[in-house]
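Every number here is computed from the coordinates shown, using simple stated rules; none is lab data. Keep in mind the model is a prediction, meaning the values are calculated, not measured. Cβ: placed from backbone, ideal geometry, glycine included. Neighbour counts: every protein chain shown.
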Amino acid sequence: MKTIDDYNFTGKRAIMRVDFNVPLDENFNITDTTRIDAAIPSIKKILASGGSVILMSHLGRPKGPSKKLSLIHVLPYLSVKLGLQVKFADDCIGQSAVDLSAALKPGEVLLLENLRFYEEEEGKPNLPDTVTEEEKKAAKAKVKESQKEFTKKLASLADCYVNDAFGTAHRAHASTALIAKYFPNDKMFGYLMRDEVASIKKVLHDTQRPFTAVLGGAKVSSKIEIINNLLHKVDNLIIGGGMMFTFIKAQGGKIGGSLVEPDFIELAKNILSGAKELGVKIILPVDAIAADAFADNASKQLVKADEIPDGWMGLDIGPESIKLFSDVLNNSKTILWNGPMGVFEMCSFQTGTKELALAVAEATGKGAFSLIGGGDSVAAINKFKLADKVSYVSTGGGAMLESIEGKELPGVKAILED
Ligand code: AMP
């Protein structure tokens, strides 16, 4: 894996794709700086090695140039974090970008304006809903054609290419994948990408056994590809959250008014029998906290997971399930966790998710490698302040999910391939 540790940056200008897609309030203050903070070590490393850095990112989903979604809003924070005045080019491929990057000296940083002000970045046209399919097709072909020129212009600003934007690694965009071909011998991962890719590899490919995956969240339908891929890799598959009820129903259990996807009951049956054939243990909750309404202040009762009374819905796993899951995790050497065990956003139904997070932390303390990835489980581990007690918390929602589905990420492939 070629990283910024393996390259001589002396006198070189590095164009680096970062993920500065940060949330802004109405006064354009950054409300969560995590993504910018995550890129700082890679930037500092290049500067300390005698290079200069040209940063490029997208922000939001603009349809053409927009003051609201200008990356100029991140300039003050970025300058403070790096302890230097970062320069800014108000058009990512315009004359200002060309002039400022040509004049860049070692130790200096230039930030380019939002890449998505150009539709060539994503390679898809911004069209009103009123256009016909024919027009759409023609517009798409046109953007694809001009995307080549756009990518070439970006590449011409620098001597080498660094990708440190894991959050967009599952997209084959100009700056995340296509640009790499202009730097056949001068392309590499930044530290964030390196760590994300290494943690996925550790879990899915260099696996220490037993390997336990914990899946939760609302729906089976959104996790089918994940389950299919994991069934060929794990020893144990723990299923909690709303999706557990489709499996319990498939086994003939009573689920009351709990979340269920009737169209996926057959599939759940197939998954259960397929797991048996593969020698994978699927572990489902044995008890649940049922509520008489989807509300924090609903009445609740502890019931068997397959005996939920009519008019009640399971919103969390119960204490026996927590014990069962914790014992499995305690004996695991590799853990992958995606999706909460219950409606953890409500205090009344957060215990299952919190206890599961604690069990993952405890197993990690005993030497297991644990990866937490994809959306809500990351929010949960942060809510319970346990992020530093697990091995790795992924920063990329969609990119992480696609990795667990077994897909090769275009942003990763573009760096790895010759
Ligand atoms: P997902 O995006 O599919 O990972 O789903 C995450 C969401 O699932 C969270 O907002 C949880 O509140 C929700 N969730 C977890 N358990 C349940 C449950 N038993 N019933 C309804 N929703 C749930």
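For this structure, a couple of remarks:
- The length gained on full extension between Glu277 and Asn27, counted as 0.36 nm times the residue separation minus their Cα-Cα distance, comes to 84.3 nm.
- Electrostatic dipole magnitude of the chain [Cβ: Lys, Arg +1; Asp, Glu -1; Cα centre; debye, to 20]: 880 debye
- For region 330-345 and region 140-190, distance of Cα centres in Å: 35 Å
- Among beta bridges identified by DSSP and lying wholly in the chain, the antiparallel ones come to about 20 percent.
- Unsatisfied cross-links (Cα-Cα over 24 Å) in the set Lys233/Lys413; Lys63/Lys140; Lys201/Lys333; Lys12/Lys45; Lys144/Lys181; Lys67/Lys105: Lys67/Lys105
- Taking the C-alpha atoms only, the angle from helix 34-48 to the longest principal axis of the chain is near 40 degrees.
- The lysines within cross-link reach of Lys304, meaning a Cα-to-Cα straight distance under 18 Å and a gap of 8 or more places when in the same chain, are Lys249, Lys254, Lys323.
- Pairwise centroid distance, computed over Cα atoms, of region 216-251 with region 69-108, Å: 45 Å
- In this calculation the C-beta distance from Asp310 to Met1 is compared with R0 = 45 Å, giving a FRET efficiency of 0.25.
- Where only DSSP H runs of four or more residues are counted, the chain gives -10500 deg cm²/dmol as its mean residue ellipticity at 222 nm, each run worth -39500 (n - 2.57).
- What the Cβ-Cβ distance of Ala295 and Asp129 gives, at R0 = 51 Å and to the nearest 0.05, is a FRET efficiency of 0.90.
- Nearest 10 degrees, 0 to 90: helix 319-330 Cα axis against the chain principal axis: 50 degrees
- As a rough guide to protection, the peptides 337-345, 270-278, 253-261 ranked by mean Cβ packing within 10 Å, highest first, stand as 337-345, 253-261, 270-278.
- Extending 7 Å from the Cα toward the beta-carbon at both His205 and Asp159 defines two label points whose distance is 3.0 nm.
- Length-normalised contact order of the chain in % [C-alpha pairs under 8 Å, at least 6 apart]: 15 percent
- Using alpha-carbon coordinates, inclination of helix 133-155 to the longest axis of the chain, degrees: 60 degrees
- Shown is the FRET efficiency for Arg61 and Leu416, computed with R0 = 25 Å from the Cβ-Cβ distance and rounded to the nearest 0.05: 0.30.
- Kirkwood analysis of the Cα pair distances in region 132-240 returns a hydrodynamic radius of 17.4 Å.
- Among 176-183, 322-329, 128-135, the peptide with the highest mean count of other Cβ atoms within 10 Å heads the list, and the full ranking is 176-183, 322-329, 128-135.
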